Structures are given as C-alpha cells and as structure tokens.
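> Right, I'll just put the structure down here and ask away after.
The values are calculated or read from the model by the stated rules, or taken from the named source; none is laboratory data. Computed from a predicted structure; not experimentally measured. Cβ: placed from backbone, ideal geometry, glycine included. Neighbour counts: every protein chain shown. All accessible areas refer to the heavy atoms of the entire protein, side chains included, with ligands and DNA or RNA removed. Shrake-Rupley method; radii C 1.70, N 1.55, O 1.52, S 1.80 Å.
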Amino acid sequence: MEPSSTVPPQPAPAALAAAVAALQPRARTELTELVAFKSVADEAQFPRSECEAAADWVAGALRAEGFEEVALLDTPDGTRSVYGFLPGPAGAPTVLLYAHYDVQPPLNEAAWISPPFELTERDGRWYGRGAADCKGGLIMHLTAVRALKEHGGVPVNLKIIIEGSEEQGTGGLERYAEAHPELLTADTIVIGDAGNFRVGLPTVTATLRGMTLVRVQVDTLEGNLHSGQFGGAAPDALAALIRVLDSLRAEDGSTTVDGLAADAAWEGLQYPEQEFRKDAKVLDGVELIGSGTVADRIWARPAVTVLGIDCPPVIGATPSVHAGARALVSLRVPPGTDAAEATKLLAAHLEAATPWGARVAVEQVGQGQAFRADTASPAYASMAEAMRVAYPGEEMQISGMGGSIPLCNTLATLYPEAEILLIGLSEPEAQIHAVNESVSPQELERLSLAEALFLVNYAASRR
C-alpha cells in the first residue's frame, strides 16, 4: 500500500499528554497480559509455547493498531521475533521501534513478594518479571502510537520489531537482520530497552558495553573420590575451578583478564557512590569493588561476573573430591574493545590460570559488540525537546549503560546513516534481572508521551 499523502496536523503537547494519560488503564491491562507469559527463551526451564504465545499476542496487538506486513520471523537461533509496518505520509522519514518480549528467569520465586508472572501493584509500582525489561517497552511504543492516532495519525513511516531472544544473547535477530537487510532499514531507530538514570530524570543512553559469555569446564579425575581416603593428594576439580575464577579479579575486586585494558575513564554524567550503593542495595559495611569513579567502573571498563557454578548444594553434599566442575562466566567490555578479541583473551586467561595440569575446556555461549551512539545527530535534538516537555523542569541527560544490546551494533553496521537512540523503563529502582522487578507507571506514562512527541518533532524536522 502507498503511504498516505496527507501530513497529519501537529498535535498540541497538552492534547497528547491527555491522550497518553487516558491510555494508562489500558497499558496496565495489557502489561498484565504480557507479564503472564512465562516467555523465558530457555526450553530447559520453560516450555517454548510460552514464548510462542507471547509472540502471537504481540502480532495481534500490532494488527489491531493497523500495522501492515505483520510477520512472525523464525530466527536462526530457534526463537521468534515480530515485525510490523505502519505507513505514514508520503515523504515522511522512517522510524524503527524496538523492544523484546523474552525475559530473564524469575530466579528464586520464593524471594518474590508477589508472583513473578502476575503484575501486582505495590507502593506505587507495578511488579512482575519483564514489567520494565522489556515488555513495558513494548507497551510504551503502543501507547505512543495510540495517542498519535487519536490526534491525526502517526507522522512517520513506522516499523516495529519485537525480539524473542535478547536475554539469551544467541544473536537470532542479528543474524536474521544481516540476511534480510532491507527489512529494518530506517532513518532513525528508537531502542526501548534502556532506562533513565533515575526516576524522573529523562535520559538517553549513549554507550553500551559489549559482552561475551563462556562456559569453563575443569576435569581432574575419572570420577568422584572419598575425601577421607584420597583428599590431600587427589586434585579436586572444584578447588581448581575456584582458583581459576579468583584469578579474574585483583585484590580490590577489579576485573583482571590478561591483555585486556581496564583503566578507561568515563567523561560525562557521573554516578555518586552513595546513590549507587542505594540503587544496588549494597549492605552496610560492604565495600564497592574496583577503582576509579563508579561511572568508570560500570560504563567504561570491563567487568567479569560468575553467573553460575555446577557443584553439589550444601544440603545433600557427600564427602567427595570432585572429578569435574563447571562455571558460566560473563565478561562485559566497553566501547572500543572488540568482543571477539576479548573472548580470546578471556579463554586464554582461564586456560593459563588452571592449576595442577587440570584439563580445562572453554566454550563460547554468547557474544555481542559494544555500542556508541552519535549524540550530535538531529534525532537527539528532537528527543531532547520531547523530554523537556514530558518532564517539566528537567533537561535530557546522556549516560552509559553497563549492559549489552547486541542488536545495536548490528543495526549500526547495516544502516550507518541511521540515528540510534536508547530510552526505556529500566531505571535503577526497576531491579531488572533480579527478584521483584518492577516498573514505575509514572515513567511509563512520561516516556510514552516523550516518544509520541519525539515522532512529531522528528517528522517536522525532516519536512
């Protein structure tokens, strides 16, 4: 279908704000429905049907809003993404909106105050897995579109892509985009998977750390042995693994991977240590790790995390010398560091640090490159004005983010002329990836308005 030739009138900000506010009950209802899907892209823990049902819900929502060419995309990693296109006025720029419907596992469900897959209001926030990261991002996009449709229509050609494998880092959508580069081409891309520096402070994220994920397996014996009979001479694989993992940190907790630079400084918005301690819920008397400013440590330098260790639990453990042990290790790397090279350095470090001649195998599980946006682009000016209206009395801030969104670099490579902005609902209080994840409904409302205003401003700037 040819795009409409009629340019919609530019709605008044107050009218858009009223429309967004009126849409909030619907936003909560739909977020409740989305959170109920246990869409963890890990068939070992959750049935694939949960992700498929969530994808079907997204496709249905896009069709209901008039999106054309709505498609369920089977990506190379076995997951499914959802694409849609909403034509705008003739000659209008094209904007791509991104979010993802897959979520992290709930971890310890007993530690949740309310069930992780039931959206629950408490103390002015909505709790549930994916409420902020990133099912709320999809609701933000839908709310902005609906508000604009109530006031003359969406002023740009709008593409939307909702991913199903972002959390597992297996690159399904990246590979699909590389094989179909025409699909996601756009003048500007809005990634709805970041967050404000704090509630009420409008923020765009300019950098993302890349990441690599590896499994390290250490083996020393043909089978477990009685620790009384053999302990003291038989090499314990679990003890060897502990030594390997400890080698990844200096005395102050800084990440130390042989050959990997770890002394960069962050220029820009700073993160006061007391605010960070509060946001991270650091226990009284416990020191932060690393050196430099907090912003240096979380936005500009590498960071290693041991995500899990395969070993017997304390309850039920037997007096054994362990024959084998395994760990999952994540390494975040800042812009300017190639993730593939970091993977090689990490693997070499793990192998070199393995004691006693133990056998060691390092397997790469996931990888994504770091990202740096061009904050001097015209789209940033349009977003700054939008946020100024949506957050009265505040100016748009630019920060980094320690997490990774591998798709960003893929899109930047495929579409080097496209402007890429990162916004979203994952501010510190959201506690994404942890138990009791939540979203601020006030942030959802304000960012939905900011996105709607941005589309208006951006369309006007391109006329």
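> Would you mind checking which residues have amide H under 5 Å from VAL365's amide H? H placed 1.01 Å from N; only 5 or more apart, or other chain.
LEU213, VAL214, ARG215
> Within the stretch 69-102, whose backbone N sits under 20 Å from a point 7 Å along Cα→Cβ of ARG26?
Inside the label zone: 69-70, 84-88, 97-99.
> Something else now. Filter LYS281/LYS344; LYS135/LYS281; LYS278/LYS344; LYS159/LYS281 down to the pairs with a C-alpha to C-alpha distance above 30 Å, please.
LYS281/LYS344; LYS278/LYS344; LYS159/LYS281
> Between LEU72 and GLU351, what length in nm is gained on full extension when 0.36 nm per residue of separation is reduced by their alpha carbon distance?
Using 0.36 nm per residue and subtracting the Cα-Cα distance, I get 96.3 nm.
> Ignoring ligands, DNA and RNA, what percent of the 1.4 Å accessible area of the chain is carbon and sulfur?
52
> Starting from one equal scatterer on each C-alpha and no solvent at all, send me the Debye-based log10 I(q)/I(0) for the chain at q = 0.08 Å⁻¹, two decimals.
Listed by q, the Debye log ratios stand at -0.49.
> Just the Cα atoms of the stretch 119-259: what Rg and Dmax do they give in Å?
For the stretch 119-259, the Cα radius of gyration and maximum Cα-Cα distance read 24.2, 81 Å.
> As I understand it, the value is the acute angle between the Cα axis of helix 135-149 and the longest principal axis of the Cα atoms of the chain; what does it come to in degrees, rounded to 10?
So the helix axis and the longest Cα principal axis differ by about 10 degrees.
> Residues of the chain: accessible area per residue at 1.4 Å, in Å²?
Per residue, the chain has 42 Å² of solvent-accessible surface.
> Here's something else I'd like to know. Roughly how tilted is helix 339-353, in degrees to the nearest 10 and between 0 and 90, from the longest Cα axis of the chain?
Between the helix axis and the principal axis of the chain, the angle is about 10 degrees.
> If we sort 193-200, 447-454 on the protection proxy, mean other Cβ atoms within 10 Å, highest first, what's the order?
Final packing ranking: 447-454, 193-200.
> Using helices alone, what [θ] at 222 nm do you get for the chain, with -39,500 (n - 2.57) per DSSP H run of 4 or more residues, divided over all residues and rounded to the nearest 500?
Result for the chain: -9500 deg cm²/dmol, rounded to the nearest 500.
> I would also like to ask the following. Label the stretch 240-390 by shape, choosing from rounded, prolate and oblate, from the square roots a ≥ b ≥ c of the eigenvalues of the Cα gyration tensor; if a/c is under 1.5 it is rounded, and otherwise prolate applies when a/b is larger than b/c, oblate when it is not.
prolate
> If you don't mind, there's one more thing I want to ask. Compute the length gained on full extension between THR318 and ALA434: take 0.36 nm times their separation in residues and subtract their Cα-Cα distance, giving the result in nm to one decimal.
38.7 nm
> Which length gain, in nm to one decimal place, applies between ASP284 and VAL199 when the Cα-Cα distance is subtracted from 0.36 nm times their residue separation?
Net length gain for the segment: 28.2 nm.
> Right, next: By how many degrees, between 0 and 90 and to the nearest 10, does the Cα long axis of helix 378-390 differ from the longest principal axis of the chain?
Its long axis makes an angle of about 80 degrees.
> Using the eigenvalues of the Cα gyration tensor, what equivalent ellipsoid semi-axes result for the stretch 361-463 when each is taken as the square root of five times the eigenvalue, whole Å, largest first?
27, 22, 10
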